[in-house]
Amino acid sequence: MRCIKQLVLATTLIASCTSVFGFDGNRKGFMMGIAGGFHSTELDIQPTGSPSQSASESGVQFRLMVGAGISEKLTIYGLYDFQWGDDAAYGLVGPGATFYFSDHGPSAYLFAGPGYAMYTEKDQPRNNYIYETATGFGMLLGGGYAFTKNLHLEGSLTHMNVSDRNSYADDIDYELTSLRVSIGYSWF
């Protein structure tokens with residue numbers, strides 16, 4: 001909860017320090033964006049004192065961005081990025097930035113963001129729908145193409161290292177790597 005409060009505060013400060021002409025069509029100023037699509041994830045599980053296990057899964061992913069355009073080529077924002085798999089949900093909360101190669105109109109772009117990573121799975125052995133949550137650090141890297149100033153198609157990679165030190169049986173480390181394809185829309 002503290003991380004989310006800091007993210008909201010940072011986003012508010014960034015938005016208030018720029019000229020905020022919300023939704024005027026220019027990348028400079030207030031911005032808000034969403035993206036959604038599909039992911040394919042490789043998961044390595046390392047319980048303390050036990051052999052590691054590997055798994056892969058696929059599912060849907062979603063990202064929300066709120067922030068400001070520093071210029072027509074650079075936006076910075078707070079991001080909330082999460083994915084659902086077969087029996088787990090995982091995500092990333094933190095700052096992000098996008099660099100556009102063109103000032104106006106259609107443009108290729110790159111984006112990145114580090115953050116606080118979370119991994120939550122249904123605790124199958126107990127079969128009572130209690131969820132175990134692991135936390136740690138993650139990173140989001142990607143690129144895409146904005147067909148208009150608002151509509152974009154992108155590919156990205158997320159990597160998360162999280163640990164569950166409160167597991168009912170063992171301390172468990174998780175390493176997740178996801179390839180994703182999504183379509184999104186940003187309001188400037």
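At least 1 residues that are of a type in the set (Asp, Glu) and closer than 18 Å to residue 137 by Cα in each: list the strands (runs of 3 or more DSSP E) lying fully within region 35-122 that qualify. Give the derivation first.
Numbers: elements: 53-69, 74-84, 88-100, 107-122.
Where strands (runs of 3 or more DSSP E) fall fully within region 35-122 and carry at least 1 residues being of a type in the set (Asp, Glu) and closer than 18 Å to residue 137 by Cα, they are 74-84, 107-122.
Looking only at region 38-67, count how many residues are in contact (Cβ under 8 Å) with a residue 12 or more places away in the chain, in contact with a Leu (Cβ under 9 Å, 6 or more places away or on another chain) and either closer than 22 Å to residue 111 by Cα or surrounded by fewer than 16 Cβ atoms within 10 Å (Cβ to Cβ) (or both).
Within region 38-67, the subset in contact (Cβ under 8 Å) with a residue 12 or more places away in the chain is 38-50, 54-67.
Retained after the next criterion (residues that are in contact with a Leu (Cβ under 9 Å, 6 or more places away or on another chain)): 39-44, 54-57, 63-67.
Still in the running and either closer than 22 Å to residue 111 by Cα or surrounded by fewer than 16 Cβ atoms within 10 Å (Cβ to Cβ) (or both): 39-42, 44, 54-56, 63-67.
Within region 38-67, residues that are in contact (Cβ under 8 Å) with a residue 12 or more places away in the chain, in contact with a Leu (Cβ under 9 Å, 6 or more places away or on another chain) and either closer than 22 Å to residue 111 by Cα or surrounded by fewer than 16 Cβ atoms within 10 Å (Cβ to Cβ) (or both) number 13.
Can you tell me which condition residue 181 does not meet? The list is (1) farther than 22 Å from residue 57 by Cα; (2) at pLDDT 95 or above, and all the others hold.
Result: residue 181 fails condition (1) only.
The values are calculated or read from the model by the stated rules, or taken from the named source; none is laboratory data. A quick note: this is a predicted structure, and the numbers were derived from the prediction, not measured. Cβ: placed from backbone, ideal geometry, glycine included. Neighbour counts: every protein chain shown.
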